[in-house]
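The structure under discussion appears below in the form of C-alpha cells.
The values are calculated or read from the model by the stated rules, or taken from the named source; none is laboratory data. Model, not experiment: these values are computed from the prediction. Here the Cβ is made from the backbone with ideal geometry for all residues, glycine too, and neighbour counts use every protein chain on show.
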Amino acid sequence: MQASEFLRDLRREIEEHPAVNHVFLMRVGTTPFTREDYRVFGLNHYPLVGTFCRYMEHLLLRAPDSESKSWIAKVLVDEYGEGSDGEDHAHLYRKYLTACGVGPGEEDQEPLDSRVAEFIREHMRIVTEEPFLVGLGALGPGHEWAIPKMFVPIIDGLRRAGFTEREIVYFTLHTMQDQDHGRWLEEALSIMVRTPEQAAQVRRGAMLSMEARRKFWDGVQSRVVRWRQPVHLWDVRERLRLWAGRHQPRISQLSPALGARIAVYRPQVRAAAGLEPAEG
Ligand SMILES: [Fe+2]
Ligand SMILES: [Fe+2]
C-alpha cells in the first residue's frame, strides 16, 4: 500500500475537520474579544499544554524500534525547550497567562470545563491502552498537523486584543515549530505504515483525538460565555458543583457523567496524567 497517498488524504481530512474549523476559533479570529476572554480561554487550555509531553513519553516507551523512537525523541527534545531558548512550552504558556492577568497560583483555582478533563483522560487512554499506531495517529496528525492551523485565528484575535509579540510567543512559535514536528512524525509514519490495517489504526487515533478536540473547543466556548454571567450567590446548585470539585481529589474516580456535574481543577487533571499536581 502507498503510505504517502494515505498520509496526504489524512492531512486533508484533518484540515477539514470540524475541530480544526470550530466555530469558537472562527469567532476568536473575527470577534473583538478582550484580555479577560483570553484569560478564561487560557486557563482552560493550559492543562493540555502541560500534559502533551507526558503522552509523548508514553509513546516513546512503547515505540517498536529505535528508528521510530528517534523521531518521537526528536519532537520531545523540542517540546522540552531545545527549540525555544531552553524554555519548555508549558513555561512559555504560563508567561502568556501572566499577560492575561493570571496571578501566581490562580491557574489552580479556576474550575475547568469537564471537557478539558475528558480530553486528557481520552489521550492518556489512547497512549497507554490503544495500539502504538493509534497513539501515533493521535499525537502526530491529531496534534502536530492540527495545531498550526488552529492557532492562526487565535493569533489574529490575540493581536487584535492588544497582546504584544513577546506575550504570545507560545502561539507564534507553534505555528512554525509544529510544522517541523508534524513532518518528523509523518516521516515516522511513512516508514511504519505498510498495510491497510496499520493505516486504519493511525486514522482511528487521529479521529479520536479530533473528536476530543471538538468537544474541548465546545467546552472552552461555553466557559468564555459563562464568565460574563457569573454565578449568583443564590445559585445553590452551581455553588455546590464548585465546592464538590474542590473536595474531589481524583478525576479518575469520577464517571464521565458525574465528572460533567462536578467542577474539576487543574491539580486534579494533572494527577490524572501522572504529573505533580501543582507544577507548571
Ligand atoms: Fe509544544
Ligand atoms: Fe509540537
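Tabulated data
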read-out: Boolean, His123 is in a helix (DSSP H, G or I), at pLDDT below 95 and within 23 Å of Phe216 (Cβ to Cβ); value: no
read-out: Given (1) buried (at least 18 other Cβ atoms within 10 Å of the Cβ); (2) over 26 Å from Trp217 (Cβ atoms); (3) among the basic types (Lys, Arg), index of the condition Arg62 fails; value: (1)
read-out: Selection within region 8-31 - in a helix (DSSP H, G or I) and surrounded by 19 or more Cβ atoms within 10 Å (Cβ to Cβ); value: Leu10, Ile14, Phe24, Leu25, Val28
read-out: Pair list, Cβ under 6 Å, 6 or more apart: region 168-192 residue within 18 Å of His89 (Cα to Cα), other residue of a type in the set (A, V, I, L, M) and away from ligand 1 (no atom under 13 Å from the Cβ); value: Ile168/Leu158; Phe171/Ile154; Phe171/Ile155
read-out: Unmet requirement for Ile147, which otherwise passes all of (1) away from ligand 1 (no atom under 12 Å from the Cβ); (2) under 27 Å from Lys74 (Cα atoms); (3) out of contact with any Leu (no Cβ under 9 Å at 6 or more places or on another chain); value: (1)
read-out: Selection within region 37-89 - touching a Phe, Trp or Tyr at 6+ places or on another chain (Cβ under 7 Å), of a type in the set (Phe, Trp, Tyr) and either modelled with pLDDT of 95 or more or not in a helix (DSSP H, G or I) (or both); value: Tyr46
read-out: Evaluation of Lys215 against (1) closer than 30 Å to Leu7 by Cα; (2) at pLDDT below 75 (one fails), failing number; value: (2)
read-out: Count of residues meeting criterion [in contact with a Pro (Cβ under 9 Å, 6 or more places away or on another chain) and surrounded by fewer than 16 Cβ atoms within 10 Å (Cβ to Cβ)] in region 160-208; value: 3
read-out: From the options Glu82, Glu36, Glu67, Glu129, residue that is surrounded by fewer than 16 Cβ atoms within 10 Å (Cβ to Cβ) and within 14 Å of ligand 1 (Cβ to nearest atom); value: Glu82
